[in-house]
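What follows is a set of notes on a single structure, which appears directly below.
The values are calculated or read from the model by the stated rules, or taken from the named source; none is laboratory data. These numbers were taken from a predicted model, which means no experiment stands behind them. For neighbour counting, all protein chains shown are included, and Cβ atoms are generated from backbone atoms with ideal geometry for every residue, glycine included.
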Amino acid sequence: MLNADYFFMYSITQSQLSFESGGKDIRLDCFLPAANGQRFPAVIGLHGSGGGHASMAAPASLLAEQGFAVYVLHYFDRTGTTEIDGLQTIFRHFPVWMKTLWDAVSFVSGQPQVDPERIGLLGFSLGAYLALSASAIDSRIQAVVEFFGGMPKEMKFFTRRLCPVLILHGEQDKTVPVEEAYHLQQTLEKKQIACEMQIYPGVGHGFSGEVWRDAGLRTLTFLRKYLVDKNCAEPKV
C-alpha cells in the first residue's frame, strides 16, 4: 500500500477481538502499534463486496507501523453473508451493516490503545459506501479514505454532517463509475468540507503497482493530516 521508508516505524502486534452487534458476534482483526501506555488515532478498515479480510492485512499492518491502531471489521458476520449475489443483497443488508459499523466505532472507542477523539474510516468499494454513509451521521468519525466507492444517493435525506474525505478512483472503473467520485467531490465542496481527490487515468476497479503505492502514500499523508497533525503533534498518553 505504501512505502514507509521515510517514516518512523512502530513494531506491531496482531490479534483478533469480537464484540456484539444485534445479538451476533462480530470479529475485528487488530493491528496495533506497540508502545507503552500511548493512545493512538484509530482507523477502522472496511472490505468490499468480495470480503477479503486477508487482503487488508498488508495495508493495515503498514498503517499500524506508522502509529495508527487499525481494526479490520468483519461486518458480514452480522448478516451471515459469504458472498454478494446482486444489488438486492446489498440494499437489504446495508442498514444492518451500518448499525454494525456504528457499534464497531463504539467498541473501538473504548479500547485502551485508542484516542476516541481521533477515529477514521478506510473503505474499499462497498466498504467505502459504508464508510461515507456512516460519516454522514456519526460525529465520532473525523476522516474517511475511500477507494473506488461513493456516497449512496439515499443518504442525502439523512446526512447530518460530513468530515474530510480522500477520494481515490480509477478513471476506467466499470464497477463503480468515476462519476461517483466527481459527485462526491461536488457534494463536499458545496458544503465546504475539506476533500482531496486523485483520479488515476486508465485504471479500473482495483489498484496495483505504482498506482497502489501512490494511493497508499496519499492515504498516510491524509490520515496524518486529519487524525494526527490537526489535533496534536504526538499521540496522546
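For region 119-132, which positions are hydroxyl-bearing (Ser, Thr, Tyr) and in a helix (DSSP H, G or I)?
TYR129
Looking at region 59-68 only, could you name the residues that are more than 17 Å from SER125 (Cβ to Cβ) and either assigned to a helix (DSSP H, G or I) or among the hydroxyl-bearing types (Ser, Thr, Tyr) (or both)? Please lay out each step first, then the result.
Residues of region 59-68 that are more than 17 Å from SER125 (Cβ to Cβ), as a first pass: 61-68.
Within region 59-68, SER61, LEU62, LEU63, ALA64, GLU65 qualify.
Name the pairs: first residue in region 11-32 and free of Cβ contacts under 8 Å to residues at least 40 places away in the same chain and farther than 14 Å from GLY45 by Cβ, second residue exposed (fewer than 13 other Cβ atoms within 10 Å of the Cβ) and of a type outside the set (A, V, I, L, M), Cβ to Cβ under 7 Å, at least 6 apart or on different chains?
Listed pairs, sorted by first residue: SER18/ASP25.
With the condition kept exactly as written, say whether any residue in region 37-53 is within 20 Å of the chain's Cα centre (by Cα), part of a helix (DSSP H, G or I) and either among the hydrophobic types (A, V, I, L, M, F, W, C) or surrounded by fewer than 20 Cβ atoms within 10 Å (Cβ to Cβ) (or both).
No, there is no match, as no residue in region 37-53 is within 20 Å of the chain's Cα centre (by Cα), part of a helix (DSSP H, G or I) and either among the hydrophobic types (A, V, I, L, M, F, W, C) or surrounded by fewer than 20 Cβ atoms within 10 Å (Cβ to Cβ) (or both).
When you check GLU180 against the structure, is it crowded, with 21+ Cβ neighbours inside 10 Å, over 19 Å from ALA57 (Cα atoms) and among the acidic types (Asp, Glu), yes or no?
Here the answer is yes, as GLU180 does meet what is asked.
Could you please give the count of residues in region 75-99 that are buried (at least 20 other Cβ atoms within 10 Å of the Cβ) and either farther than 19 Å from MET151 by Cβ or in contact with an Asp or Glu (Cβ under 6 Å, 6 or more places away or on another chain) (or both)?
So the count comes out to 2.
Exactly one of (1) assigned to a helix (DSSP H, G or I); (2) aliphatic (A, V, I, L, M); (3) in contact with a Lys or Arg (Cβ under 8 Å, 6 or more places away or on another chain); (4) without any contact (Cβ under 8 Å) to a residue 60 or more places away in the chain is unmet by VAL105. Its number?
With respect to (1) assigned to a helix (DSSP H, G or I); (2) aliphatic (A, V, I, L, M); (3) in contact with a Lys or Arg (Cβ under 8 Å, 6 or more places away or on another chain); (4) without any contact (Cβ under 8 Å) to a residue 60 or more places away in the chain, VAL105 is out only on (4).
So LEU162 clears everything in (1) at pLDDT below 95; (2) of a type in the set (A, V, I, L, M, F, W, C); (3) farther than 20 Å from LEU46 by Cα; (4) in contact with a helix residue (DSSP H, G or I) (Cβ under 9 Å, 6 or more places away or on another chain) except one condition, right? Which one?
Answer for LEU162: the failing condition is (3).
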